[in-house]
Amino acid sequence: MMNKWDTPIDFDANFKIGVVKGAYQNLREISQGGPVVGSLLIDGKQISGYSFGGPSLYQNEYLYVPALIRINKFIGGWGFKLAKINIQNLDFELLGESKDLIFMNKIEDNRLYYFEDISKKKYNYYEI
């Protein structure tokens, strides 16, 4: 899972949660020097419909990752929403409001903490 050096630009493409294996494939920058996203596979099964970024966090059979979403189909705007993925059945839901960036930090006291900027100045949380 996430280590202290992971960022939305540079994170491990392969990870393990107990006996479950996760992998990002076809990684690409969404803009020069910007976050990296790609396909997300859990035990070889792709989570379809979205591209996902990193780093990710895990708690109680749920993987939390940033999902790239289109926020304005007319002008091509993009953003991120928090995705909550059940690693047992691969069901997922998108949580909260869209953000320009979701830089995962930690899960503590039923809150997922994240930064909204790469410089780690804008801090926020989501109740999980």
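Given the structure, is Ser31 in a loop (DSSP other than H, G, I, E, B) and open to solvent by 10 Å² or more (accessible area, probe 1.4 Å)?
It is true that Ser31 is in a loop (DSSP other than H, G, I, E, B) and open to solvent by 10 Å² or more (accessible area, probe 1.4 Å).
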| said: I'm trying to understand the selection: among the residues of region 84-104, which are more than 21 Å from Ser31 (Cα to Cα) and open to solvent by less than 50 Å² (accessible area, probe 1.4 Å)? | reply: Lys84, Ile85, Asn86, Ile87, Leu90, Leu95, Gly96
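Have a look at Arg28, Arg111 and point out the one that is within 17 Å of Thr7 (Cα to Cα), of a type outside the set (Asp, Glu) and modelled with pLDDT of 95 or more.
Exactly one residue qualifies, and that residue is Arg28.
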| said: Conditions first: (1) more than 15 Å from the chain's Cα centre (by Cα); (2) within 20 Å of Thr7 (Cβ to Cβ); (3) surrounded by 12 or more Cβ atoms within 10 Å (Cβ to Cβ). Leu57 passes all but one, so which condition is the exception? | reply: (1)
| under 22 Å from Glu127 (Cα atoms) and under 14 Å from the mean Cα position of the chain (by Cα) - does that describe any residue in region 40-51? | no
| request: Find all pairs meeting these conditions: Cβ atoms under 8 angstrom apart; at least six residues apart or on different chains; first residue within region 104-120 and at positive phi; second residue open to solvent by 70 Å² or more (accessible area, probe 1.4 Å) and in a strand (DSSP E or B). | output: Asn110/Glu127
| query | Out of curiosity, is Asp12 closer than 23 Å to Glu127 by Cα and acidic (Asp, Glu)? | reply | no
| So is Tyr113 open to solvent by 70 Å² or more (accessible area, probe 1.4 Å) and aromatic (Phe, Trp, Tyr) or not? | no
| said: I need the full set of residues from region 14-27 which are under 14 Å from the mean Cα position of the chain (by Cα) and free of Cβ contacts under 8 Å to residues at least 40 places away in the same chain, in order please. | reply: Asn14, Ala23, Tyr24, Gln25, Leu27
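The values are calculated or read from the model by the stated rules, or taken from the named source; none is laboratory data. Worth saying up front: this structure is predicted, and the values here are computed from it rather than measured. A quick note on method: Cβ atoms are made from the backbone with ideal geometry, for glycine too, and the neighbour counts reach across all protein chains shown. Areas reflect the complete protein model, heavy atoms only, side chains present, ligands, DNA and RNA absent. Shrake-Rupley method; radii C 1.70, N 1.55, O 1.52, S 1.80 Å.
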